[in-house]
Amino acid sequence: MTAQTNQSWAASRLPCLASLCACLNARTMAPGGSYFAAFPFLIAVLAAFLSLSGIVLAVFYNPWHAFASVQFINRDVNQGWLIRTYHATGTTLIFALAYLHLFRSILIRAYRAPAEFSWLMSVKLLLVLLLTGWLGFVLTGGAAGHLSLVNAANAALSLGGLPGAVGLWFLGGPAGQGTLARLEVFHALLGISLLLVVWAYFASRKAAAQVEPAKAVAFYPYYLAQYFAALAVLAFIFVLLGFYAPGVSGVAANHIPAGGLALPLGAGVPWYLAPAAGLLGVFPTAKLAVAAAIVAVVLLYALPWLDRSGPDGAKGKVYCFFTWVLALDVLGLGLAAAGVLPFSPVLAVLFTGWFFFHFLVLTPVVTAMEAK
Amino acid sequence: MRRVFALTAILTILGIANAHAEDTLSPLHFQSQGPLGTIDKAAAQRGYEVYKSVCAGCHSLGKVHYRDLEALGLTPAQAAGEALAAGGTLNSPIKGAAPLNMGGAIPPDLSSIAAQRPGGPNYIYNYLTGFGPAPAGVTLLPGHNYNAAFPGGQTAMPDVLHDGAVTYQDGVQPTKAQEAADVAEFLAWAADPNLDARHQIGFRAIIFFAFLTIIAVASKRKVWRTQA
Amino acid sequence: MAEPTASHAPGESRRDFLTILAAATGAVAAGAILWPVVDALNPDQAAEGTGQLIVNVSDIAENTAKTVQWGGLPVTIRRLSAADIAANQDELVVPSTLPAPADFASRVNAGYPSFVVVVGLNTATPCALEGDSPSEPRGDYNGWVCPCDGSQYDPLGRVRKGPAKRNLAIPRYTFINPSQIRLG
């Protein structure tokens with residue numbers, strides 16, 4: 001397949017089509033890429049999929065009668081339950097992929113120069129996802145989402161100063177019905193901005209890629225075939241979760257409408273917010289929690305510079321070991337937040353301490369040791 | 001990967017073999033439960049009778065409409081008849097908000113009760129059959145009744161089901177346990193009216209995407225084999 | 001399917017078949033996944049239900065009519081008396097002599113010829129008609145009269161006199177059973 005045969009009627013009249021074809025056919029990609037390297041592509045597909053199903057939900061969603069409108073979607077809109085399944089299961093999978101992508105990036109040290117920007121975008125992806133996911137959880141109008149919103153609004157009220165002002169601007173004062181109207185807009189904007197973040201990730205990864213020209217392969221057909229296979233596997237998992245475990249993306253207490261004077265026991269948050277909730281939950285005051293969140297985000301962003309091994313540093317076994325420990329630590333944080341572990345409050349403190357210890361102490365020390 | 005799919009297929013087939021038993025009382029089993037469960041429509045129709053003649057006195061069912069009853073196997077004319085008998089139309093909710101107050105306790109709307117309570121239909125069955133005299137040492141609040149299945153053991157709701165509380169059209173004996181099980185299945189349907197569709201579509205989609213995965217991976221391998 | 005030519009490697013045709021099969025299955029999957037997104041924007045159950053109204057007609061006495069509001073229009077349902085039916089047979093009222101020719105069968109449901117279902121609005125000046133109950137003015141044909149311009153209709157809703165030139169419109173309806181009709 002040569003460039004001439006691709007120079008179709010349309011491409012000769014719209015040059016960017018021709019350059020797209022050329023780009024897909026250009027031998028720029030490393031051969032033998034792992035299926036794990038397809039995760040950002042799958043995340044992009046899921047982000048688009050969530051945007052699409054979100055548009056349909058937004059047609060019927062009413063922030064002033066949030067719970068009733070979600071019930072209406074489930075019961076009376078044609079295929080409405082299926083669209084909600086799309087949105088909920090898509091959320092679970094995009095979070096799973098984002099967590100796994102970050103874990104793998106840390107494990108294989110994909111953040112090192114010159115790919116720092118890809119790492120920054122990966123972290124940003126998770127942060128935007130966390131905020132969007134929380135907003136979506138609140139928008140359902142269920143009791144658990146409402147409780148979470150009330151907690152956030154109370155925290156913003158108690159913060160004072162600039163962070164409190166920002167929080168109150170975002171939430172529009174104490175949690176009321178009007179709050180959901182603005183949160184719906186923020187949810188949509190943040191969700192669509194995910195696509196921009198993913199695009200920036202791809203652009204920076206491409207710029208940072210070091211491929212031996214003699215061995216390079218084109219996207220088409222090699223990586224297209226691989227990504228297609230990865231998508232098929234994703235779709236299979238999607239069906240298993242969406243049709244046979246529909247509760248996995250939500251919280252049981254969200255079946256109860258918000259409001260009333262009774263708050264359900266064990267409301268909790270969805271699994272994908274649990275590690276963040278666990279980390280924030282160990283701090284006694286809102287001020288400390290916000291400070292800890294800022295430090296955690298800065299540490300994640302700073303990882304390329306916390307790694308002291310230099311540009312040629314080899315992958316070390318100790319570093320690998322501690323990365324796996326970090327994964328277990330984050331998992332444990334989530335389980336502790338859900339209260340399923342014995343001594344959950346104590347363990348949550350330990351896990352939170354370890355999280356900061358890993359980035360502040362272990363990463364610089366271990367990488368510097370293993371650089372030699 | 002292939003082993004995973006083979007295992008999934010086997011489990012699915014076992015699930016189908018297991019799924020299509022009707023509701024039974026002993027052991028208590030609901031056809032709607034399990035990964036491939038479907039609503040037992042006959043039981044749910046009987047449960048609707050129980051709801052209509054017993055529960056509806058106090059509990060609303062605001063999210064379910066008469067038109068929805070057609071999904072339970074009623075003909076459009078029967079559903080319209082139900083609506084007309086209650087003075088509504090096919091679009092009316094089966095029962096709107098009930099402004100009843102049991103000494104401070106408000107009877108909850110039952111539309112999603114099976115999803116709201118852990119255990120779903122099992123809990124509803126245990127609750128409806130769980131009334132009894134308070135054990136020694138339990139002091140009941142005024143206007144409350146003892147119920148072993150209710151968290152805390154005391155509920156403002158009285159024991160409403162008894163043998164022959166309704167008359168079934170299909171000749172099933174309306175014992176108290178039968179009524180409780182039937183209304184539990186009906187409420188399981190009301191809380192998740194898309195259960196049947198979800199499990200049916202899901203089953204087809206699993207087969208389809210298993211097939212797609214196999215040929216996509218095979219195609220990928222074939223493509224990459226040509227890479228020099 | 002063409003024979004593999006000599007220039008192709010032995011595995012080539014199978015690869016092509018596999019690729020085409022994968023692409024085609026993928027296209028089917030994309031269509032199946034996206035169809036619900038499209039279908040969700042079709043009228044929902046409540047909207048479809050609002051488009052329909054079930055009316056009990058068993059309480060309409062002979063020679064009287066009942067008017068219900070449906071879709072923003074007054075829909076009038078009249079139960080004909082035996083005299084009305086006899087007086088409006090095609091032998092007595094020849095359709096071709098009417099301002100808007102229509103025979104008896106075209107104005108009623110074949111299974112329930114004693115019910116006339118029409119939109120109770122005059123077709124010239126859009127006024128609500130009089131004549132539902134025998135005590136109201138019914139004009140020369142025992143049907144309906146328009147209080148605004150004096151147009152007169154017979155019990156079948158055919159215009160018989162007057163500035164109006166068209167018969168009363170018949171809405172879409174079905175008999176569920178002898179005592180209930182569904183509009184829409």
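The numbers here are math on the coordinates, done by the rules we state, and not lab data. Bear in mind the structure is a predicted one, so any value in this text is a computation, not a measurement. Positions of Cβ are backbone-derived with ideal geometry, glycine not excepted, and every protein chain shown enters the neighbour counts.
Each Lys and Arg Cβ is given +1 and each Asp and Glu Cβ -1; about its Cα centre, the protein assembly as shown then shows a dipole of about 3140 debye. Pairs of alpha carbons in chain A separated by more than 31 Å make up 42% of all such pairs.
Peptide B:63-70 shows a mean partner chain C-beta count of 3 within 10 Å per residue C-beta. In chain A, a dipole from Cβ-located charges (positive for Lys and Arg, negative for Asp and Glu) runs towards its positive end, and of A:F60, A:S19, A:L279 it is A:S19 whose Cα lies farthest in that direction. What you get for region C:49-183, charging only the Cβ of Lys and Arg (+1) and of Asp and Glu (-1), is a dipole of about 380 debye around the Cα centre. Axis angle, to the nearest 10 degrees, between helix C:12-39 and the longest C-alpha principal axis of chain C: 30 degrees. Normalised by residue number, the volume inside the convex hull of the Cα atoms of region A:281-372 is 87 Å³ per residue.
Within chain B, the whole DSSP H helices whose Cα atoms reach 20 Å or more along their own axis and whose mean Kyte-Doolittle score is at least 0.5 are B:2-19, B:195-225. Each Lys and Arg Cβ is given +1 and each Asp and Glu Cβ -1; about its Cα centre, chain A then shows a dipole of about 540 debye. As a rough footprinting exposure proxy, the listed residues A:S51, A:S148, C:S96 were ranked by other beta carbons within 10 Å of their own, and the order from fewest upward is C:S96, A:S51, A:S148.
Against the empirical 2.2 N^0.38 Å (N residues), the protein assembly as shown has a Cα radius of gyration ratio of 1.22.
Across peptide C:23-29, what mean number of C-beta atoms from other chains lies inside 10 Å of a residue's C-beta? Could you put the intermediate results ahead of the total?
Working: counts 6, 1, 10, 8, 0, 2, 9.
Counting other chains' Cβ atoms within 10 Å and averaging over C:23-29 gives 5.
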